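Only the coordinates and a few stated rules stand behind these numbers; no lab work does. Every value quoted in this text rests on a predicted model; they were computed, and no experiment measured them. Neighbour counts run over all protein chains shown; Cβ positions are idealised from the backbone, glycine included.
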Amino acid sequence: MRYAIHQIDAFTDRLFGGNPAAVVPMDEWLPDETLQAIAAENNLAETAFVIPDGETCRLRWFTPTVEVNLCGHATLAAAYVLFREHMPEQERIDLETRSGTVSVTRSGDVLSLDFPARAGEQDTVTTELETALGARPVDVRESRDRMVVFEDEATVRNLRPDLAAVANLDTFAVIATAPGTDVDFVSRFFAPGAGVPEDPVTGSAHCTLIPYWAERLGRHHLSARQVSARGGELDCEWLGERVRIGGRCVEYLRGSIEVS
């Protein structure tokens, strides 16, 4: 069987920036082990498998090692492909996922995710956490991920975490964040236990980042940058129980894969 495949750089307006994701449209799901094998073969942070299906499409996300419940950049990439290749007349796409129905709207070349907010609960700074990161945060919040807050952008940029130690922490991933120098906040994202040592740009992390910074800064509309090596820009808005995460996409390649 042959399937189209697209590799999209998400949350960027330039090639080789943002976060690359593979997008594979299909008519019906292949066995889970086959989907996982394709994601491992792609060896990107995420592969999005999507079934264009009328008004509500179906979407699943896989890292090279596991299926995940929510992924922002691969959703943005999947919507980019759907808008261009399958639904060119639509301005909104609804996607049925393991985290419920999420939507993506477009305005010009900006795509905006409508995701559930995931505010973190107050947590403590442990010796294990400080040792794993190589720096002591000033605040810690726990949701799906452990969000650690530092005083300034330079500290986040200069982190050199012990990834083996991060993988041993009792959390899916660690989000490092701080106030930005020319944006409202910056972040980095480490998920070595899920096969992603550092994710270039992480939409789902902003489900936790946006409520925190909106409350701390006292406004709902925020600008964000993920300060990984590739880097990415996000336009953010807190909507109470939901968050809006906006960005652009660039196609890097398209082709086909053969699955016997």
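Structure notes:
- Residue among Val149, Ala117, Pro52 farthest towards the positive dipole end of the stretch 43-156, charges placed on Cβ: Pro52
- Cut-off of 10 Å, at most 15 other beta carbons, DSSP loop: longest stretch of the chain lacking such trypsin sites (Lys or Arg not before Pro): 99-218
- Comparing mean-square fluctuations of Cys236, Cys207, Cys57 from a GNM of the chain with C-alpha springs under 10 Å, the top value falls on Cys57.
- Over the stretch 121-238, Cα pairs under 8 Å with separation of 6+ residues give a relative contact order of 19 percent.
- The GluC sites (Glu not before Pro) of the stretch 152-251 that meet both conditions, a loop assignment by DSSP and at most 11 other Cβ atoms within 10 Å of the site Cβ, are Glu241.
- Both the radius of gyration and Dmax for the chain are 17.6, 54 Å, in that order, over alpha-carbon atoms.
- Considering only alpha-carbon pairs that sit under 8 angstrom and 6 or more positions apart, the relative contact order computed for the stretch 220-260 is 27 percent.
- When the chain is described by a simple charge dipole with +1 on each Lys and Arg Cβ and -1 on each Asp and Glu Cβ, the residue from Ile257, Leu95, Phe11 located farthest towards its positive end is Phe11.
- Semi-axes of the equivalent ellipsoid for the stretch 212-260, computed as √(5λ) from the eigenvalues of its C-alpha gyration tensor and ordered from largest down, come to 33, 14, 9 Å.
- 16 Å tail of the calculated P(r), the stretch 121-238, as % of Cα pairs: 55
- Rounded to the nearest 20 debye, the dipole size of the stretch 31-189 about its Cα centre is 120 debye, using +1 on the Cβ of Lys and Arg and -1 on the Cβ of Asp and Glu.
- From the largest down, the stretch 170-259 spans 51, 32, 28 angstrom on the principal axes of its Cα atoms.
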